[in-house]
1. Report, by chain and number, residues whose modeled amide H sits under 5 Å from the one on residue A:104, excluding near sequence neighbours (fewer than 5 apart, same chain).
2. If only Cα atoms are counted, what is the Rg of chain B, and what is its Dmax, in Å?
3. Based only on other Cβ atoms within 10 Å, what is the fewest-to-most ordering of B:69, A:59?
4. Under the definition of partner shielding as Cβ atoms of other protein chains within 10 Å of a residue Cβ, what is the mean value for peptide A:101-108?
5. Taking H as built 1.01 Å from N, whose amide H comes closer than 5 Å to the amide H of residue B:88, not counting residues under 5 places away?
6. Per residue, what volume in Å³ does the convex hull of the Cα atoms of the protein assembly as shown enclose?
7. Can you list the aspartates and glutamates whose alpha carbon sits under 14 Å from that of residue B:17, skipping same-chain ones fewer than 8 residues off?
8. Enumerate the calculated ³J(HN,Hα) couplings along segment A:12-22 in order (Karplus 6.51 cos²θ - 1.76 cosθ + 1.60, θ = phi - 60°), each rounded to whole Hz, writing x wherever the residue is Gly or Pro.
Amino acid sequence: GQNIDQPTEMTATEGAIVQINCTYQTSGFNGLFWYQQHAGEAPTFLSYNVLDGLEEKGRFSSFLSRSKGYSYLLLKELQMKDSASYLCAVPRGGQNFVFGPGTRLSVLP
Amino acid sequence: GAGVSQTPSNKVTEKGKYVELRCDPISGHTALYWYRQSLGQGPEFLIYFQGTGAADDSGLPNDRFFAVRPEGSVSTLKIQRTERGDSAMYLCASSQTGTGDIQYFGAGTRLSVL
C-alpha cells in the first residue's frame, strides 16, 4: 500500500523561504506530484518529479530522492497569496492518486 | 478550453435522501476520477474511469455509492440513503490518458447532509 506523511501546519513570513517536506512509502513508484489548494477551491498542479533531483519553476522548486522516499517543495520570496494547503500525491499503479494530509501554510506580513 | 466543471457547487440534503453530483471533464480526457475530501485532510480516492468503464472502484466506501460515465465524458456520482457522515467536498479530476498524467481538478461539490 501507500503511506504519505507531511507536516500539518507551517508558518512563514512574507519574503522568506519555506520548505515543505513529504515522505512516502509506496509499492512501485510512478512519480510524485505537488498540488496547491486554496481554501474552498480546487487543487491546482504545481510540479511533478519522477527522477531524483531538483526541478525549478519560478519561485517554486521541488526535490525528489527515490532512495529515501522523500520530497520537498521549496517556496521562495513568499507572498501572502501563497497561504494555502500544499498536497503531496503519489500515483497508485500509475492511476489514481494517493494524497498526503496536506500542509497548511500561513504566510504572515 | 474549459476546465473541469462540477455541479452543483453546494448541495444540502436530508439524511436518507438520494443525491447526484455531476462532473464535466476537460474535453478529450479519457480518464476521470472522483475523490472525497474532508476538512483539513487530503482528497481520498473513490473511483476511476477509463473511457466509459470503471477501471477501479475500490475506493467507494459502500454500496450506497455508485458512479457512471455512459458516454465516456460526463460522469455522475450517485449516493443513496445519504448519511451525515457523507458530508464532505466531492472532487472530480480528469487527465489525458490516466497513466501518471497530471490530474486537473474541478472546484468540487460541497455536500451537507442534515
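Read-outs: derived from the displayed coordinates by stated rules, not from any lab. None of these values were measured; they are calculated from a predicted model. Cβ: placed from backbone, ideal geometry, glycine included. Neighbour counts: every protein chain shown.
1. Sorted by chain and number, the residues that satisfy this are A:9, A:10, A:86.
2. Considering chain B through its Cα atoms, Rg and Dmax are 13.2, 38 Å.
3. Working: B:69 20, A:59 13.
By the 10 Å Cβ count, ascending, the order reads A:59, B:69.
4. Numbers: counts 3, 5, 1, 1, 0, 0, 0, 0.
Neighbouring Cβ atoms belonging to other protein chains average 1 per residue here.
5. For residue B:88, whose amide H was placed from the backbone, the distant partners under 5 Å are B:111.
6. Convex hull of Cα atoms, per residue: 120 Å³.
7. B:83, B:86
8. 8, 9, 3, x, 7, 10, 9, 10, 10, 8, 9
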